[in-house]
Every structure is written in structure tokens, then in C-alpha cells.
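The next block holds one structure in the form of C-alpha cells; read it before the comments.
The values are calculated or read from the model by the stated rules, or taken from the named source; none is laboratory data. All values reported here derive from a predicted model rather than from experimental measurement. In this analysis, Cβ positions are derived from the backbone assuming ideal geometry, glycine residues included, and neighbour counts consider all displayed protein chains.
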Amino acid sequence: MKKTLVIGACGQIGTELVLALREKFGMEAVVAADLKSEPNEALSNGPYVQMNILEKESVRSYIIDNQITDVYLLAALLSATAEKNPDFAWKLNMEGLFTILDLAKEGHLKKIFWPSSIAVFGPTTPVDNTPQYTVMEPSTVYGISKQAGERWCEYYFNKYNVDVRSIRYPGLISYTSLPGGGTTDYAVDIFYHAKKSGKYTSFLSKDSALPMMFMEDAIRATIELMEAPVENVKIRSSYNLAGISFTPEQLSDEIKKNQAFEMSYEPDFRQAIADSWPNSIDDSAAQKDWGWKQKFDLSSMVKIMLDEVDVSMMA
Ligand code: NAD
Ligand code: AKB
């Protein structure tokens, strides 16, 4: 019987992923796990366990004793936070992955999902319509950890037949829980400020184009990839997903179509990270291999975000 564990479940992706998996496979079949002692409210409708992915032996015991079959490993430090603590970012982003890959290698797990990022690309990568296979020289500790992780996932698949699947997510935009310290977070923060005060100061410059994606599309992509027949999953490093590419100025213009809004720009250290990432992504491999098709565009995403964000969640 399939029993799923989502590690890092209280974060931006995990909260919505757990809800979607519980809807599909049933409440009791999906356990949420996070460092936090209590789940956030959205996750309190099903099983929850406090877990530190860095405590290898207790993670191993939990997975073996509870006959977990599938793991989604989401716990990580994101790009901006990782730059402030590179040693710990490397430790957290890599050690947990080995713990889970080794459990699958030993036959304790059937399937793993591990997220990569557009951060695997770097300043020498072609920036427009970035191909699936291209130059990858990431310049952030986060990007280096994601690229190394991709290499290890592919290695464990080739060498030990571990069924590990991965997506290079673009910046994700959602309203259920707040983002956790990335370079693309401006594209979420902006909606809270637009709704609260009609003003926002972007920490990226007005012409910094980046690939982004509405969370509903990202969750659907994740579940579609995990449910795809094994023979359709031809890439075991990580799949490009295109999402929607726009600049802060284009996002601001789209918000202005819906309400009065003023945007200003004060780029900080995150600008250099954004400058090293692609403007847009080619996801033809995901389309071809497992039938990926995106649903949301900039205009539909902006309308939903302005309707749904709850300003009482602002820090
Ligand atoms: P997040 O920061 O919102 O959530 C991470 C969660 O992991 C948090 O709830 C945190 O408490 C938990 N966590 C941290 N350390 C832990 C530990 N030691 N043990 C257990 N749990 C721990 O992150 P997210 O945005 O949900 O991202 C999830 C994954 O997706 C990450 O690997 C990230 O790199 C990747 N990703 C995210 C985006 C995005 O835009 N959100 C884009 C590309 C890739
Ligand atoms: C970040 O900005 O760090 C993340 C990502 C694109 O991986 N949102």
C-alpha cells in the first residue's frame, strides 16, 4: 500500500502539496513532517510528525517502522537565506537527500520526489528559452547544492535503479503560505503590499525577467510527474518547467490593470542572484515525456492572487 511522507511540509510548497496529495490518496495515506513542533492550521486535518531531516537515524527508523513507500523531500534553505549561511545550506540541502536516496537504494522506499530549481543555471547559461541540456555553472551555494543533488539523483537511478523524480521549479507564486527566503519572493510579497497599501518596493530591478509559476500548476506538475509510468520518465536529473516569464515592471503593470498601484525599485543583494538565472525556460522535454501542459498565464495568476491573499498573514 502506498504511504507518503512529505518532509518540509509546512513550507510554501509542502502545505499545498500535502493538501493535494491527501485529496487524491486519502487523509491517512499522507503524513506531513517538518522541523516545526506543530503543523500549520491547513495541515492539521491529517497525520503530522515533527522531524529533523538532519537526524539521520530517527528519519530512517520512522520511514522503516511506518512502512513509508514514497517521500517528497522539500526541506532546504532557499537562495537568499542560503547565501547568508553557506555551510549550513550545503549541509541541509545535501545530507537529507543522501539519507532518503540511501533508504530507496536499500529497498525501503519505492519512489522519491526531490525538487531542483532554475538556480542550477548560472551566468554562463543561455538566458532565453534555456534548454534542458546546457552549460550549468551556478554561482550561488543554493544553485551548487541543487546541481550536485541532480547529479546524485541521476547517479542513484543509473547505478541502483532508485526511482527518483525531479522538477527544476521556477519561482513559485501562492497565497496559502508565505515563501521561505528566495530571490523570487518579491513576486509573492507584491500582492500582500498591493492589497494592504497599494504600494510596493521591489528588491529586484524593474527589468529583471525571471521564470515564475502559479502554485496550482506546480503542484499538478509534481503529482503528474510522480504518477507518470516509469518508462515515460526519461530524465533522472531534473525536468525544466517553463512557467510564466515576466519582469517586476510587467508584474506591476498587470496589477495596475486590476487596481491602483505604485511600484518603486531598490535592488539589494538578491539582484546579483537574479542576474545569474535565466529569463525564460524551454520545457519541451517535460511536454514530450509526460505530457506537461501549463494552465495559468500572468493575467489569470494576478487576478487570483489579488482576490486570495490574506493580508493578516503579513509578517
Ligand atoms: P520553504 O522554505 O517555504 O519550506 C521549507 C520547509 O522545510 C519549512 O517548513 C521548514 O520548516 C522545513 N525545514 C527546514 N529545515 C528542516 C529540517 N532540518 N528538517 C525538516 N524540515 C525542515 O521552502 P519551499 O519554497 O516550500 O521549497 C521546498 C523545496 O522546493 C526546496 O527544496 C526548494 O529549494 C525547492 N524550490 C522551491 C521554489 C519556490 O519558489 N518555492 C522554487 C524552486 C525550488
Ligand atoms: C528561490 O528564489 O530561491 C526559489 C527558487 C527559484 O529556487 N524561489
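Only one of LYS36, LYS91 is surrounded by fewer than 21 Cβ atoms within 10 Å (Cβ to Cβ) and in contact with a Cys (Cβ under 7 Å, 6 or more places away or on another chain). Can you tell me which? Exactly one of LYS36, LYS91 is surrounded by fewer than 21 Cβ atoms within 10 Å (Cβ to Cβ) and in contact with a Cys (Cβ under 7 Å, 6 or more places away or on another chain), namely LYS36. Could you please give the count of residues in the range 22-47 that are under 17 Å from ASN66 (Cβ atoms), under 20 Å from the mean Cα position of the chain (by Cα) and of a type in the set (A, V, I, L, M, F, W, C)? Qualifying residue count, the range 22-47: 4.
Residues are listed down the side, and each one gets a yes or a no for (1) part of a helix (DSSP H, G or I); (2) over 20 Å from the mean Cα position of the chain (by Cα); (3) surrounded by fewer than 18 Cβ atoms within 10 Å (Cβ to Cβ):
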{"residue": "MET263", "(1), (2), (3)": "no, yes, no"}
{"residue": "TRP277", "(1), (2), (3)": "no, no, no"}
{"residue": "ALA286", "(1), (2), (3)": "yes, no, no"}
{"residue": "LYS293", "(1), (2), (3)": "no, no, yes"}
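Could you please let me know if SER245 is at pLDDT 95 or above and either part of a helix (DSSP H, G or I) or within 14 Å of ligand 2 (Cβ to nearest atom) (or both)? Judged against the criteria, SER245 is a match.
To keep it simple, each residue is scored yes or no on (1) away from ligand 2 (no atom under 16 Å from the Cβ); (2) in a loop (DSSP other than H, G, I, E, B); (3) under 20 Å from the mean Cα position of the chain (by Cα).
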residue	(1), (2), (3)
TYR155	yes, no, no
TYR200	yes, no, no
ASP207	yes, yes, no
ASP217	no, no, yes
ALA221	no, no, yes
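Might you check whether a residue that is buried (at least 18 other Cβ atoms within 10 Å of the Cβ), within 13 Å of ligand 1 (Cβ to nearest atom) and either of a type outside the set (A, V, I, L, M, F, W, C) or more than 19 Å from THR4 (Cβ to Cβ) (or both) occurs anywhere in the range 52-69? No, that holds for no residue. Any residue that is more than 12 Å from ligand 2 (Cβ to nearest atom), in the same structural domain as ILE118 (by TED's automatic domain parsing) and under 28 Å from GLU227 (Cα atoms) - is there at least one of those in the range 166-176? Yes. Of the residues ILE144, ILE167, the single one that is farther than 28 Å from LEU298 by Cβ, modelled with pLDDT of 95 or more and within 13 Å of ligand 1 (Cβ to nearest atom) is ILE144.
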